[in-house]
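J.: If you scroll down you'll find the structure; I have some questions about it.
The values are calculated or read from the model by the stated rules, or taken from the named source; none is laboratory data. Keep in mind it's a predicted model, so treat the numbers as computed, not measured. We place every Cβ from the backbone using ideal geometry, glycine too, and count neighbours over all the protein chains shown. Surface accessibility is based on the protein's heavy atoms, side chains included, excluding ligands, DNA and RNA. Shrake-Rupley method; radii C 1.70, N 1.55, O 1.52, S 1.80 Å.
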Amino acid sequence: MTAVDPDRHVDERTARKVAEQARETRWRHPSFGRELFLGHFRLDLIHPHPSGSAEDRERGETFLAALREFCEHTVDGAVIERDARIPDHVLTELKQLGAFGMKIKREYGGLGLSQVYYNRALMMVGSASPALGAMLSAHQSIGVPQPLALFGTPEQQREYLPRCATGAISAFLLTEPDVGSDPARLGTTATPTDDGYVLDGVKLWTTNGVVADLLVVMAQVPGKGISAFVVEGDSPGITVESRNEFMGLRGLENGVTRFHQVHVPKANLIGREGAGLKIALTTLNTGRLSLPALCAGAAKWSLKIAREWSAERVQWGLPIGKHEAVAGKVAYIAATAYALEAVVDLASELADAGGHDIRIEAALAKLYGSEMAWLVADELVQLRGGRGYETAASMAARGERGVPAEQMLRDLRINRIFEGSTEIMHLLIAREAVDAHLAVAGDFIDPEADARRKAQALAKAGGFYAKWLPTLVVGKGQVPRAYAEFGPLAGHLRFVERASRKLARQTFYAMSRWQGRLERKQRFLARIVDIGAELFAISAACVKAAADGDRAVELADAFAAQARVRVDELFDRLWRNSDDSDAALARHVLDGRFTWLEEGVVDPSSPGPWIADSTHRASTAQDVHRKTP
């Protein structure tokens, strides 16, 4: 038996090194998001709004029509919520539709949909049942099809992609009981043998893991690093020890999977040994777009309910939507729904067009979509009042329309955690946003660099900033008639241009002030990222409105006005905040200084360790893995 120490320590420098080695360090293609953080508003990279081919649109619309028929007549979201399980006949019909192969090329039996239409399909399925949308997303966005399409050998693609296209459900296994966003501490091992590898370890929160036929597993190859493998779900030694239950997404087939002496052939290694984390991060560059698509769908549904209810419900002699307090919520929901769709559409079109590096755009879409959709759902619950807090089944039982607003709020909450929590997304995007600064600073901010190296780095940085800083002083945003082709939206784009330069200047000031310590100013960096996200969303909404025509201008204008208020507040909070006193208080709380404040309550938590044992051993649990039809 091989034991893995659950308290194994990896120092901060080692953990950072693992993460740095996995990220793509080169910018081979232009990036609107990167330029935005550098103070360069490259509208030419996104306007005119890109659009796919006529063939892609025709194929996509044909599938969406069939999918709508399926969602309206086959999917019963209330049954999935009640039974906490997606019925077998729903999965069978989904497979017959080809929904498990939406993103898989036609040469492998898939539908070959564009990223745009794949996301629109997820939007539709997710509105019928968020759990069903999550299953399809996990299968195709991060499961076997995506990494194999990007990194698989021709043999791997020929063997596995046709199976995935016809309904062999896949899952992605990275997280462990004691490892979330710190992959340096990954405990699952892949020990080389003469003919392959032997896997040992435990994986937590394996979405689709309870029903998966194929797995992508991340494991440490001793001396080589994290590596990725395709593993058959029914391989000897694999045990799905439990099916997890959550606040929302009650139909999600998410479990705990244990590997004990699981043999994996050499041919099942994806890419090379040690490339697993890079494969995972690259997969997520476009894979992350599925979550904002589901979030945009939730916002669009929330708008429908808000509109209908606010016109129907009368209080104090008026429909509630005509009272200013409620009207503000309706306006926020409508404007945000348009912006979230604009963000995911633009990022998806850029992905389809090729020639763009969308790592920042996709990450911003995930971050912004998950945060804003949650706020939209919360406003819908408030707008619905007591009925917003009540379950759809309860309302239906007394003869009212069963509106699952509270379920939507619960279902959306996980998106702020899934595939990179908001906090991790802030750090990931911030790292990319300040990449140019770190690259030129180099040894100057490296605590281990000697005086000579620091001096050389300082000279290099001086040359960079001497050329870059003057570009941040004036720009097109200060020209009164700039962007006139956007009509009433031109002023918002001028604001984005000015704010982009201001954002870059503030980043430079922070770099000058804190140098290498900037990476520890996580709340400051989060605000920098949030400003960039708002600017990206304003840009996307305006560009989409220009393509959509007059019908959309009012929505984009309202959203931009709302977002500009948030941007101004975030700029103000960059330097006027309680970060230092909050950090001090947190240290004192963790030191136990205020345990007296916890007196007077009881803790209903069940006994047990905070983190389950992940020692390498044979499973003693009953296997709850099940085959789908």
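J.: Before we move on, is Leu215 closer than 25 Å to Ala165 by Cα and either aromatic (Phe, Trp, Tyr) or part of a strand (DSSP E or B) (or both)?
T.: yes
J.: In addition: Given Ala228, Ala267, which one is in a helix (DSSP H, G or I) and out of contact with any Cys (no Cβ under 6 Å at 6 or more places or on another chain)?
T.: Numbers: Ala228 fails: in a helix (DSSP H, G or I).
The conditions single out Ala267.
Residue-wise test of (1) within 18 Å of Ala335 (Cα to Cα); (2) free of Cβ contacts under 8 Å to residues at least 60 places away in the same chain; (3) of a type outside the set (Asp, Glu).
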residue	(1), (2), (3)
Gly532	no, no, yes
Ala537	yes, no, yes
Ala556	yes, no, yes
Ala560	yes, no, yes
Asn577	no, yes, yes
Val589	no, yes, yes
Gly592	no, yes, yes
Leu597	no, yes, yes
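J.: How about the stretch 46-60: which of its residues are part of a helix (DSSP H, G or I) and crowded, with 19+ Cβ neighbours inside 10 Å?
T.: Gly60 - this is the single residue of the stretch 46-60 that is part of a helix (DSSP H, G or I) and crowded, with 19+ Cβ neighbours inside 10 Å.
J.: Name the residues in the stretch 614-625 that are of a type outside the set (Gly, Ala, Ser), within 17 Å of Gly255 (Cα to Cα) and open to solvent by less than 80 Å² (accessible area, probe 1.4 Å), would you?
T.: Correct list: Asp623, Val624, His625.
J.: Still on this model: Can you tell me which residue within the stretch 116-133, out of those that are among the polar types (S, T, N, Q) and assigned to a helix (DSSP H, G or I), is surrounded by the fewest Cβ atoms within 10 Å (Cβ to Cβ)?
T.: Ser127
J.: If you don't mind, another one. Could you grab me the full set of residues in the stretch 160-197 that are among the aliphatic types (A, V, I, L, M) and in a loop (DSSP other than H, G, I, E, B)? Walk me through how you get there before you give the answer.
T.: Filtering the stretch 160-197 for residues among the aliphatic types (A, V, I, L, M) gives 161, 165, 168-169, 171, 173-174, 179, 184, 186, 190.
Result: Ala168, Ile169, Leu174, Leu186.
J.: May I ask you to say which residue of Ser512, Ser500 is farther than 25 Å from Met372 by Cα, part of a helix (DSSP H, G or I) and not aromatic (Phe, Trp, Tyr)?
T.: Result: Ser512 is the single residue among Ser512, Ser500 that is farther than 25 Å from Met372 by Cα, part of a helix (DSSP H, G or I) and not aromatic (Phe, Trp, Tyr).
J.: Further, regarding this structure: Is there a residue being within 24 Å of Lys544 (Cα to Cα) and in contact with a helix residue (DSSP H, G or I) (Cβ under 9 Å, 6 or more places away or on another chain) anywhere in the stretch 378-398?
T.: Checked against the condition, which is being within 24 Å of Lys544 (Cα to Cα) and in contact with a helix residue (DSSP H, G or I) (Cβ under 9 Å, 6 or more places away or on another chain), the stretch 378-398 yields no hits at all.
J.: Please state which one of Glu361, Glu341, Glu349, Glu371 is surrounded by fewer than 19 Cβ atoms within 10 Å (Cβ to Cβ), part of a helix (DSSP H, G or I) and in contact with a helix residue (DSSP H, G or I) (Cβ under 9 Å, 6 or more places away or on another chain).
T.: Only one candidate passes the filter, namely Glu371.
J.: To continue, here is another question. How many residues are part of a loop (DSSP other than H, G, I, E, B) and either open to solvent by 60 Å² or more (accessible area, probe 1.4 Å) or farther than 30 Å from Thr283 by Cα (or both) when one looks only at the stretch 383-430? Working first, answer last.
T.: Quick first cut of the stretch 383-430, residues part of a loop (DSSP other than H, G, I, E, B) only: 385, 390-391, 398-404, 417-421.
Next, from what is left, pick out any that are either open to solvent by 60 Å² or more (accessible area, probe 1.4 Å) or farther than 30 Å from Thr283 by Cα (or both): 385, 390-391, 398-404, 417.
So the answer is 11.
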